[in-house]
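The values are calculated or read from the model by the stated rules, or taken from the named source; none is laboratory data. Computed from a predicted model, the values in this text were never measured in an experiment. When we count neighbours, we look across all protein chains shown, and the Cβ atoms used for this are built from the backbone with ideal geometry, even at glycine. Note: accessible area is taken over every heavy atom of the protein model, side chains too, but ligands, DNA and RNA are not part of it. Shrake-Rupley method; radii C 1.70, N 1.55, O 1.52, S 1.80 Å.
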Amino acid sequence: MVMKLFDSELNIMEILWRDGDTAAKRIAEITKEKIGWSKTTTYTIIKRCLDKGAIERHEPNFVCHALVTREQAQEHETTELINKMYDGAPDRLIASLLGQKRLSTEEISRLKRLIDSME
Amino acid sequence: MSLLQISISASVFILAVIFLRFLLIHKLPKMTFMFLWGVALIQLLVPVSVQSQFSIFTAVEHLSRMFTVPKLIPTPESSTFVNGTTVIMPPITEHLTAPIMPLETASQISPIVWVWLVGFTLCALFFIIPHLRHRKIYKMAVPIRNDFIRKWQHSNLLWRNVQIRQLDHISTPLTYGIFRPVVLMPKNLDYDDEKQLAFILTHEFTHIKRFDTLKKWILAISVCVHWFNPLVWVMYILANRDIELFCDETVIRKFGESTKPTYARALVRLEEKKIGLSPMISSFSKNSTEERIISIMKTKKITIVTMLLAIGLVASVVIIFATSAWDKTEAVTDVDNPTAEPSAEIVPALYQGTITTEIVPALSQGATITDLMPHDLSFNKKYDVPKLIDSLMDSKYRAVYMDNEIYLRVMMDNTIQISKDNGAVWKKYDTDEVDAKEFAKWLLINDPIPGYSMEEVQSRLANGAEVKHLVFENVKEMYFIIDRNGVQIELVQPEKKSSVLIDGQRMMITSAISAQMLKSFYDLLVSNNILSETHAKQDYSERIKYLEKNLPNFIVTK
């Protein structure tokens, strides 16, 4: 089984692979120090790992256990979901509706020719 | 000014800027357009207008006056009143709809305000929800380990602490956060290409230095407030693009003009990275990227000539399109309703000596909203309003007022007495004091027919008039503007009612009036010893004749 994981998720998995089963609280402490994530952010990412089936949790203390090995995990290919996100400003939806759709290959080469001609 | 008026007058300016941008976007320094959009935002969000003699609205006003002159020519009947005895009374301004922003007690909110609120809320959610969702993802970024970036950041310190992090969910660099900005770099970037990294970082840091995220939020707010105005949406899109163009321009200036092609190619490379699964192509996007590239390639040194040209152009566009008409703050309203005030040049004063033939519509279901505006009445006979006012001044009262429900009189010591049984029993009513400045502001926003007797009321308020406030059981409210010249009453009521006021300055009749009501009014004058019974009878019958002859809609209820 191969699982595609984002960098953020891989960071969590890294801790589990290195230290074995770890309580969520402890993970949050480590990531806060190492990466600078807030507790909420770390919990959000743990939740995503749970949803993907990359980890499972045990009561009490929300102890996380890795379900995939380092070999089974794969970096997520960026191109897949990136496109809808553009910048940090409040115009997300409008940007995707109106302005920031991806260009076709033909458009790109046309733009390159445009630069050449104006140079 | 109402929101709609603000929106409309700002639209004229926005149109002018759009036109100018269409012609000159690649010719002028981008600063020019940033400034113009800034002026548009101020117009849209700050309810203050600046007057100018050269305003387009002054011109429109002149034109509209030229075309409306025939309406103002007196009819033969009324021309007999011209000989010094005719009086036009600026009427009381009565609220036709519930106030948009109640000063004190919140009365009913009109359906239009509800519609606006719903639109505003939807629009705000439309911005906020996706933003929060994305922010959650941005927070998952991880620190970046790159020597070049670290060194670059050390030599480009900003006042705010900026974090540079990496995120694999994105394909182009971005910046978020206004006070604690974070630059996010995509993972699939060529981190060995130091030239490109320098371009990207300079670009993002320029955004941060200029608070561009804040600008974009303010633009979003203007769209939320003016969601009903399509031109504001167009402005939103173009201004967002111009923020980018201005940023590009700055980066190129910094690196030197020779780097233009390199920078443009770096931009195309980032666009290329976005090519993925979906074959969706938006022509709008093609235009915006193309516009950006042309703009980059055409960036030139700012010469004194272009600078002067830009400044001159900005100044004239702002003076012509962003100011309101000279001498009349509410020029736009007058264009819509040219007969509201016979001549804009005359400051509403005691006796203007001009004639209008106003229609007093029936107080019936058939009457439209515009028919229900307050009305001037021309009083022409010997027991005319000036004399009524003189008698009133001699009497124990400063003003008398009447509507379908109450008789009201303002005493010499400015206390207010009200009778609810046609003058049989009078009771003193306690009023609240209202801050005149607050009231003046409130009136500017809420007056249903701004510009009517507005200027005069505003100057009275500025010169220390006292404002008293009275709330009746049936949500009707009254504001009394009292100074040594007289008393003016601002009536706030949810429903349309006819009313008559005579005070130290003039007589005013608001909305429609019936014969019965006019009769009661003369009875009130008699019972308050302002008019003798014979005079009242005579004046009343002449008035009725005049109204019946001139105003077909006039209701006579015997």
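Think of the range A:3-75 as a dipole: +1 on every Lys or Arg Cβ, -1 on every Asp or Glu Cβ, centred on the Cα centre; then among A:Phe6, A:Leu67, A:Thr40, A:Thr40 lies furthest on the positive end. Contact residues in the range B:147-174 (at least 40 Å² less accessible area with all protein chains than alone, 1.4 Å probe): B:Asp168, B:His169.
Chains A and B together bury some 5000 Å² of accessible area, summed over both sides, with a 1.4 Å probe.
Residues whose amide H lies under 5 Å from that of B:Ser499, counting only those 5 or more places away or on a different chain, are B:Thr510; hydrogens are built 1.01 Å from N in the peptide plane.
Legend: mean number of C-beta atoms from other chains within 10 angstrom of residue C-beta atoms, peptide A:108-116, equals 6. Shielding by partners for peptide B:296-303, expressed as the average number of C-beta atoms from other protein chains within 10 Å of each residue's C-beta, is 1.
In the context of the full protein assembly, B:Arg135 retains an accessible surface of approximately 70 Å², using a probe radius of 1.4 Å and ignoring ligands and nucleic acids. Ranking of B:Asp394, B:Asp248, B:Asp435 by solvent-accessible surface, largest first: B:Asp394, B:Asp435, B:Asp248 (1.4 Å probe, protein heavy atoms only, all chains present).
Over the range B:121-277, Cα pairs under 8 Å with separation of 6+ residues give a relative contact order of 20 percent. At full extension, B:Lys298 and B:Phe211 could sit 28.8 nm farther apart than now, given 0.36 nm per residue minus the alpha carbon distance. Annotation: amide H-H contacts under 5 Å for B:Gln166 (H modelled 1.01 Å from N, sequence separation of 5 or more, or interchain): B:Val142, B:Ile144, B:Met185.
Take each residue in B:183-196, count the other chain C-beta atoms within 10 Å of its C-beta, and the mean is 1. The residues of the range B:107-179 expose, per residue, 58 Å² of accessible area to a 1.4 Å probe. Using heavy atoms of the protein chains and a probe of 1.4 Å, the accessible area assigned to B:Met517 is about 20 Å². Shown are A:Glu71, A:Glu29, B:Glu204, whose ranking by accessible area with a 1.4 Å probe and every protein chain present, most to least, is A:Glu71, A:Glu29, B:Glu204. Only Lys, Arg, Asp and Glu carry charge here, each on its Cβ (+1 for the first two, -1 for the last two); on that basis the range A:3-75 has a dipole of about 200 debye about its Cα centre. Residue by residue, the range B:541-546 carries 3J(HN,Hα) couplings of 5, 5, 4, 4, 4, 4 Hz when phi is fed to the Karplus relation 6.51 cos²θ - 1.76 cosθ + 1.60 (θ = phi - 60°); x denotes Gly or Pro.
Ordered by 1.4 Å accessible area with all protein chains kept, B:Phe439, B:Phe120 run largest first as B:Phe120, B:Phe439.
Share of the range A:3-75's accessible area from carbon and sulfur, percent, 1.4 Å? Carbon-and-sulfur percentage of accessible area, whole number: 49. Using a 1.4 angstrom probe on protein heavy atoms only, which residues from the range B:123-142 are buried by at least 10 Å² of accessible area when all chains are present rather than their own chain alone? Correct list: B:Phe126, B:Phe127, B:Pro130, B:His131, B:His134, B:Lys136, B:Ile137, B:Tyr138, B:Lys139, B:Met140, B:Val142.
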